[in-house]
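Engineer: Quick one: the structure is below, and I'll ask about it shortly.
Bear in mind that the values in this text are calculations on the coordinates, not laboratory data. Keep in mind it's a predicted model, so treat the numbers as computed, not measured. Cβ atoms come from the backbone with ideal geometry, glycine included; neighbour counts cover every protein chain shown.
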Amino acid sequence: MNIVLLEPEMPANTGNIGRTCVATNTKLHLIEPLGFKLNDKLIKRAGLDYWDKLDVTVYSDYQDFLDRNPGARIYMATTKGLHVYSDVEYDPDCFLMFGKESAGIPEEILLGNQDRCIRIPMWGDIRSLNLSNSVSIVLYEALRQNGFEHMTMQGELHQLHWKES
């Protein structure tokens, strides 16, 4: 799986998303301009000690991203989407794109990708969910559809043991 952040503005969101990417073996793609520096302490604080384990690529702009990922199947998360995120079938190599916190993905980009614009249902007139929450919701649906491949499916207690059933 691949997460794409188009011009992210908040380092804490990007740090949280980076940590989620490490926990799910997902690649992170950052499209400039960024609203922070990659060595920002807020990114590292949110990403804890996982940031050095992150597979991250930075692109100079959206066209650079497209040029370096030819044929990429990109789903664009937007409050303007016509399809609910859970109604889409995701392949294991797809790209899930999210726009910047203040404005989302530009409508010019969305219009050219109408069939792959997805939305998370929300109640009432709320503008949007937090970016890192939105990434988690859509990413975990895509991972679920692909059988949580190579992911740990059961946990263990630290000091005690589960009863055998």
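Engineer: Where does the charge balance sit around H29 when Lys and Arg score +1, Asp and Glu -1, over other residues with C-beta under 10 Å from its C-beta?
Structural biologist: So the surrounding residues net to +1.
Engineer: If amide hydrogens are placed 1.01 Å from N in the peptide plane, which non-local residues have theirs closer than 5 Å to the one on D55?
Structural biologist: L28
Engineer: For the Cα atoms of the chain, what angle does the longest principal axis make with the long axis of helix 131-145, in degrees from 0 to 90, nearest 10?
Structural biologist: The angle comes out at about 70 degrees.
Engineer: Please work out which option in [x] 27, 20, 16; [y] 38, 19, 10; [z] 23, 20, 17 gives semi-axes √(5λ) of the Cα gyration tensor in Å calculated from these coordinates, and answer with its label.
Structural biologist: [x]
Engineer: Taking Cα atoms, how many degrees apart are the long axis of helix 11-24 and the longest axis of the chain, rounded to 10 and kept between 0 and 90?
Structural biologist: With both axes taken from Cα atoms, the answer is about 50 degrees.
Engineer: Could you size up the charge dipole of the chain around its Cα centre, putting +1 on the beta carbon of Lys and Arg and -1 on that of Asp and Glu, and report it in debye to the nearest 20? All intermediate terms of the calculation are to be shown ahead of the outcome.
Structural biologist: On the way: 16 positive and 23 negative charges, 91 e Å.
Here the size comes out at about 440 debye.
Engineer: Which residue, W162, M122, N13, has the largest displacement toward the positive end of the dipole of the chain when charges sit on each Cβ (Lys, Arg +1; Asp, Glu -1)?
Structural biologist: Working it through, the farthest residue towards the positive pole turns out to be W162.
Engineer: Take the alpha carbon gyration tensor of the range 102-144, find the square roots of its eigenvalues, order them as a ≥ b ≥ c, and report rounded if a/c is under 1.5; if not, report prolate when a/b exceeds b/c, else oblate.
Structural biologist: Values: a/c = 1.79, a/b = 1.17, b/c = 1.52.
Because a/c hits 1.5 or more and a/b fails to exceed b/c, the range 102-144 counts as oblate.
Engineer: Something else: Using the Cβ atoms and a cut-off under 10 Å, what net charge is assigned to the surroundings of Y85, where Lys and Arg are +1 and Asp and Glu are -1?
Structural biologist: Once positives and negatives cancel, what remains is -1.
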